[in-house]
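Here the structure is laid out as structure tokens; the discussion comes afterwards.
The values are calculated or read from the model by the stated rules, or taken from the named source; none is laboratory data. Everything numeric in this text was worked out from a predicted model, so none of it was measured. Neighbour counts are summed over all protein chains in view; Cβ atoms, including those assigned to glycine, are modelled from backbone coordinates with ideal geometry. Note: areas computed on protein heavy atoms with side chains; ligands, DNA, RNA excluded. Shrake-Rupley method; radii C 1.70, N 1.55, O 1.52, S 1.80 Å.
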Amino acid sequence: MDAGLTTVAEADIEKHRATAQSMITRIIVLEDSTGQSNTPLAGTGRRFVSTVSAGSVRRTREIELTKTIMAVKPDDPLMGIGQHTLLYRARRGLAVSLAIADVFARGNDLESLQAKNARAPLEGDEATHFKKLLSASAYVCAFSFASYLSQLIDSEGEPPNDVDEPDFLFDTAQDALKSMIAGLDRALVGATDDAALMTRADAFARVALEGLLSRKGRFDGLGSFENAHIRIDSDDFTLDGFDVAPGKKSKPLEMTFKKPDEVVGNHIAKYQSVKLAKMLMAYDFDRQMNPFVELGGFLFTFIGDGAPGTGKTTLIQMIAGLINDYCQVAGYPFHYENFGVDQISSYQGKSGQNCKTFIDNVLSPRSIGFGTVDDIDQVAAKRSDDRASAGQHEVTGVLMSAFSGAMTVVRGNCSFGMFSNYPENVDDALRQRAGARWLVDGPQTRDDYIDIFVLLAGKNHQIPLGEHQLYAAQEIQRAVTAAYESHSKPHEEGLMKVYERFMETRGAPRTMADIGEYLHMIKEAEPRFTGRAIKNVTDAIKMRAMDIELPDEWFEKPEAFMHKGYDEKKAMIEELRGPFDMTMVMQEVNRYADSEFRYSDRADDATVEKLLRDTRLRERAAREMEEMKRKGLWNA
């Protein structure tokens with residue numbers, strides 16, 4: 001079959017609707033006896049379970065999924081929204097699965113063998129091959145149905161642990177779906193409300209997927225489906241071979257976490273990382289909003305740049321570790337995900353889909369999220385770069401839309417960090433969508449280098465420390481104060497010239513008009529200092545105004561802060577904040593503008609180096625050409 005992106009037409013799904021409707025209305029299956037009665041106990045929706053073993057007995061069972069779902073509210077003749085949604089998704093999933101089975105059949109010999117078998121029964125090798133492909137088609141159908149339910153059903157709460165996998169049948173596609181409906185029907189028995197109904201259905205889908213993947217090795221006719229990429233736009237449903245939908249199966253986070261005292265240098269980045277972790281924990285799941293978004297200062301996106309080996313990965317591990325620890329105290333779900341070069345696909349449109357899935361997983365309002373894009377200069381291409389792949393350009397578009405697009409909604413439950421050794425290679429528009437700039441320059445001072453050496457060397461020695469106060473330079477409050485003060489004046493040469501010219505003509509800034517004049521002068525020297533740059537500067541100033549240290553006691557017990565209501569959280573935060581002043585404004589303007597000049601200078605330096613290298617090569621080639629001519633070896 002075509003390994004590219006396949007779109008299933010609505011007409012191909014619609015032709016299976018009648019079959020799907022009959023399956024959710026009434027089917028009869030043959031299955032092993034569980035000792036469970038077919039007749040529900042009056043008014044409960046539950047069935048009597050016999051104490052007599054009947055494990056070897058097979059019998060027919062009548063399945064009426066519609067009645068099972070309606071039995072959740074036996075006194076109401078009208079189904080609720082949750083009931084109707086599940087029943088519709090089940091019917092739709094059946095029709096979609098049968099349509100996908102048709103796609104599978106067209107991609108191999110199954111379709112032609114089915115037509116041939118309809119005229120006369122197949123025999124010999126053809127019959128064996130036909131049976132093998134029919135079983136594979138049944139497997140694909142069951143997998144598609146389980147994947148559809150898993151992706152399209154939204155459930156909250158802990159999944160039940162009493163949901164069993166279905167008694168799979170792989171004779172034909174319809175037999176496979178009947179066994180899935182029977183398993184779903186059995187899983188829904190005992191649901192008491194809509195929430196339990198959806199949770200049990202979601203749990204069944206996950207259990208079924210696990211069971212199907214464990215049986216995959218039994219089928220040797222699945223090769224053509226391994227690299228299939230099927231998309232149904234109307235349902236926002238994607239099937240990538242036998243990959244389970246990302247983010248649907250919760251796993252414990254496996255990651256090497258770092259503590260703040262294990263990060264040497266990078267004082268401002270470390271300080272803002274600690275603040276970010278605490279900000280995220282102010283998110284209110286009921287209101288689906290964070291007080292820091294309303295009050296200002298929430299950090300939705302940031303970019304960290306620095307030379308290789310300066311601590312970007314360590315910083316990621318520290319942020320994820322802090323958020324994970326806070327979430328465990330509060331009992332909140334935490335989702336961390338990194339988008340890397342391994343998710344750039346050669347299939348047209350697949351890289352953009354992978355990136356959109358990554359964004360959606362982190363944005364999910366039902367969890368605290370932290371998403372990172374490491375080495376973003378390799379993952380997302382400049383739009384002007386003709387040498388970049390189509391997948392890299394797709395990722396650039398998706399990230400730009402997600403970080404500051406028309407449909408972007410910042411709830412305050414998640415944050416995205418982009419990291420790069422070469423931020424000047426990132427598209428200007430994407431880079432400016434980073435609300436904060438963190439210079440990750442690693443250890444800088446003598447004290448930093450002593451601290452990091454002692455930290456990494458460990459304790460398996462008896463060498464004296466010498467004249468040094470260990471980790472005193474890493475005391476975060478003192479270090480970050482010094483780091484902020486250093487930005488009272490620019491660091492980059494280009495910005496320093498603008499600053500000196502401004503000070504000569506207007507003197508020290510005292511009014512809002514003075515700041516506007518300074519920003520305009522920066523714009524004249526650096527055209528990329530646009531309106532979005534001003535917004536990022538003002539966001540950083542608001543964050544400094546919210547430069548409050550949320551007490552650690554608030555995060556030691558969930559009821560102290562994290563489990564309080566939205567309005568109460570907001571009031572507690574408002575009590576701690578103060579106004580910003582001119583010193584903060586100038587520091588943040590210089591800090592952000594420094595980064596733009598730094599990126600420009602790096603890009604210019606790289607261009608100059610390339611031109612110098614090309615010139616040297618041309619001169620060398622000219623000398624060698626003259627030497628070859630002199631020896632009579634030049635035949636051009």
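Structure summary
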quantity	calculated
Helix 110-119 axis, angle to the chain major axis (alpha carbon atoms, nearest 10°)	10 degrees
Residue-wise HN-Hα coupling along region 438-449, computed from phi with Karplus coefficients 6.51, -1.76, 1.60 (Hz; x: Gly, Pro)	10, 7, 9, 9, x, x, 10, 8, 4, 4, 4, 5
Amide H within-cut-off set for Trp438, under 5 Å, with H built and near neighbours excluded	Ile303, Gly304, Asp305
Of the trypsin sites (Lys or Arg not before Pro) in region 347-450, those whose Cβ has at most 13 other Cβ within 10 Å and which sit in DSSP loop	Arg387
FRET efficiency for Thr538 and Glu504, using Cβ-Cβ distance with R0 set to 25 Å, rounded to 0.05	0.45
Solvent exposure ordering (accessible area, 1.4 Å, most first) of Met180, Met582	Met582, Met180
Cβ-placed point charges (K, R +1; D, E -1), dipole of the chain about Cα centre in debye, nearest 20	900 debye
Residue-normalised accessible area of the chain, expressed per residue, 1.4 Å probe, Å²	50 Å²
Among the listed pairs Lys459/Lys542; Lys270/Lys570; Lys535/Lys557; Lys312/Lys564, those beyond 32 Å (Cα-Cα)	Lys459/Lys542; Lys535/Lys557; Lys312/Lys564
Residues whose placed amide H lies under 5 Å from that of Phe237, excluding near-sequence neighbours	Ile232
Cα-centred dipole magnitude for region 134-224, charges only on beta-carbon of K, R (+1) and D, E (-1), debye, nearest 20	420 debye
Between helix 350-363 and the chain: long-axis angle, C-alpha atoms, 0 to 90°, nearest 10	80 degrees
For the chain, with +1 on Lys and Arg beta carbons and -1 on Asp and Glu, the positive-most of Phe555, Gln21, Gln328 along the dipole	Gln21
On Cα atoms only, tilt of 194-215 relative to the major axis of the chain in degrees	90 degrees
Projected area, mean over directions - the chain, Cα convex hull, nm²	46.2 nm²
Solvent accessible area, Å² - Met70, 1.4 Å probe, full protein context	70 Å²
Share of carbon and sulfur in the accessible heavy-atom surface of the chain [1.4 Å probe, %]	51 percent
Which of Met407, Thr301, Thr6, positive extreme of dipole for the chain (C-beta unit charges)	Thr6
Order by protection proxy (mean Cβ within 10 Å, highest first), peptides 283-292, 569-578	283-292, 569-578
Environment charge at Lys356 (Cβ cut-off 14 Å; Lys +1, Arg +1, Asp -1, Glu -1)	-4
Eligible lysines near Lys67 by straight Cα distance, threshold 17 Å, same-chain separation 8 or greater	Lys178
Nonlocal amide H pairs with Asp284, under 5 Å, H built at 1.01 Å	Met289, Asn290
Cα gyration tensor, region 263-369 - rounded (a/c under 1.5), prolate or oblate	oblate
Region 403-410 - phi-based ³J(HN,Hα) in whole Hz, Karplus 6.51/-1.76/1.60, Gly and Pro as x	7, 7, x, 5, 9, 6, 10, 9
